[in-house]
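Following: one structure in structure tokens, then a few remarks.
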Amino acid sequence: MPKRKRRMHLGVFWLGTGNHSAGWRMDGAFDSHCSWPIAEAGIRIAERGLFDLFFISDSLAPSLTDHPSFITRFEPMTLAAALSVATRHIGIGATVSTSFAEPYNVARMFQSLNHLSQGRIAWNVVTSTADHAALNFSRDVHYTHDKRYEIATEFVDIVQGLWNTWDEGATVRDRKTGQFVDPAKVHTLDHKGPHFSVRGPLNIERPPFGNPLVIQAGGSVPGQELSARTADIVFAVVNGDMVGAKAAYDGLKARTAKFDRKPSDLALMPGIMPIIGRTDAEAKDQLDRLQGYLSDASTMALVANRIGHDISGYPLDGPIPDFPLTDKSQTFSQTLLAKARRDKLTLRDLYNLTAAARGHWVVSGTPAKIADTLEEWFTAGTADGFMILPPYFPQSFDVFVDTVVPELQRRGLFRKEYESSTLRGHLQS
Ligand SMILES: Cc1cc2nc3c(=O)[nH]c(=O)nc-3n(C[C@H](O)[C@H](O)[C@H](O)COP(=O)(O)O)c2cc1C
């Protein structure tokens, strides 16, 4: 049989008020990240579009000048549980930070959700960048960047280890003999490390469809190590520079060998905000309208958060200062600053760019043009798929599903129906 064309994977970054900070102000747009009817409507569009993944981000302390979806939001695991029974096929990624949790609880929650969703759950592992989150967890200061990753690495090893404390077929349930469980197939973990001590086993059996999946997004060197070691999906940040993105893609895939894994064990999906119009001019108008709704205070806070430095003391029309490496998210900071240097941006340009997609790449134009970009990146071996960040919901996501998805299908680049009912199955098909 001829080998089928390689197909891309699609995820959607769910934010009820839209990925653009001002998306909720568009006519008829959803305006809440804490509403069940809105969340349910969002995942239904994604499932109609045959998406692999519905991605739920998180933060652990609100700042009232932040993106509206970061001010009031559902707790991700609770939302994921509700969404998993409202859907049948789509995978659901939920964020939990390794800086403010216990591995045993996290292993349990995800394995529970894995059973409930019948194999459709993934854990987005994050280390949390907001300093003020520490104040909600009986600590005065947050850990430093590299310490956060050191903890995260031990944490994920324990969680995956706990999932593996049960072999397949450990629950025998033999009515005749009265044997419920085979003790030879359930193991302790006996982990004793610098940050955690966990005996195990977990008190949840391994389901027939395998363990939950892991998503990782941090792109600093320790972030890449964590991805290569543990992740099934990597949510990458790109800025339109295909040469740089290809080098990062190849570098991450090559890094898997160090952990006895294969490059194909990990799907790399860069984030893209599509601004779609019937013409390029219509798409540009839409972006201008969104940008026109922004307020200075919230944008300044967003830029400071993304590049990890306060920019309020610098002239907006001047060049971008040489900031040192941040202790917050190096991924966003370095991607944005690299673009600024490459395109010789002023601080104001950087401000506008960050305001639009929070540091992700904005691609604007007709559905065919968006499909061209996705195809080009995918076939060049720069991506295994994409995390789509619609600027607002439901309209701009509906438009993506109704125009770009059929175009990708016509080109043989995306599935025409679900061929599996598990997230792992989607990634393999
Ligand atoms: C695309 C992307 C999405 C992320 N989503 C979240 C999130 O939802 N919640 C969170 O606390 N951190 C999130 N993070 C933070 C990372 O998980 C990581 O902890 C942080 O970026 C610091 O690592 P870095 O220096 O490797 O970027 C995200 C980072 C990226 C790049």
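The values are calculated or read from the model by the stated rules, or taken from the named source; none is laboratory data. In this text the structure is predicted, and so the values were computed from the model without any measurement. So basically every Cβ, Gly included, is an ideal-geometry build from the backbone, and we count neighbours across all protein chains shown.
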key: Pair list, Cβ under 7 Å, 6 or more apart: the range 269-291 residue at negative phi, other residue outside any strand (DSSP E or B) and of a type in the set (Phe, Trp, Tyr)   = 274/400; 276/400
message = So, in the range 31-50, exactly how many residues are without any contact (Cβ under 8 Å) to a residue 60 or more places away in the chain and more than 30 Å from residue 136 (Cα to Cα)?
response = 3
task = Might you let me know whether the range 323-337 holds any residue that is out of contact with any Pro (no Cβ under 8 Å at 6 or more places or on another chain) and away from the ligand (no atom under 16 Å from the Cβ)?
result = no
note = Those residues of the range 409-429 which are crowded, with 21+ Cβ neighbours inside 10 Å, assigned to a helix (DSSP H, G or I) and out of contact with any Gly (no Cβ under 7 Å at 6 or more places or on another chain) amount to 427
Selection from the range 239-252 of residues that are modelled with pLDDT of 95 or more and within 13 Å of the ligand (Cβ to nearest atom) = 248, 252
Filter pass, residue 165 being free of Cβ contacts under 8 Å to residues at least 40 places away in the same chain, among the polar types (S, T, N, Q) and in contact with a strand residue (DSSP E or B) (Cβ under 8 Å, 6 or more places away or on another chain) = yes
query = For the range 62-84, which residues satisfy the criterion of being outside any helix (DSSP H, G or I), within 13 Å of the ligand (Cβ to nearest atom) and at pLDDT 95 or above?
reply = 73, 74, 75
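I'd like the full set of residues that are within 11 Å of the ligand (Cβ to nearest atom) and either charged (D, E, K, R) or under 15 Å from the mean Cα position of the chain (by Cα) (or both), limited to the range 199-230.
215, 216, 217, 218, 219, 223, 224, 225, 226, 227
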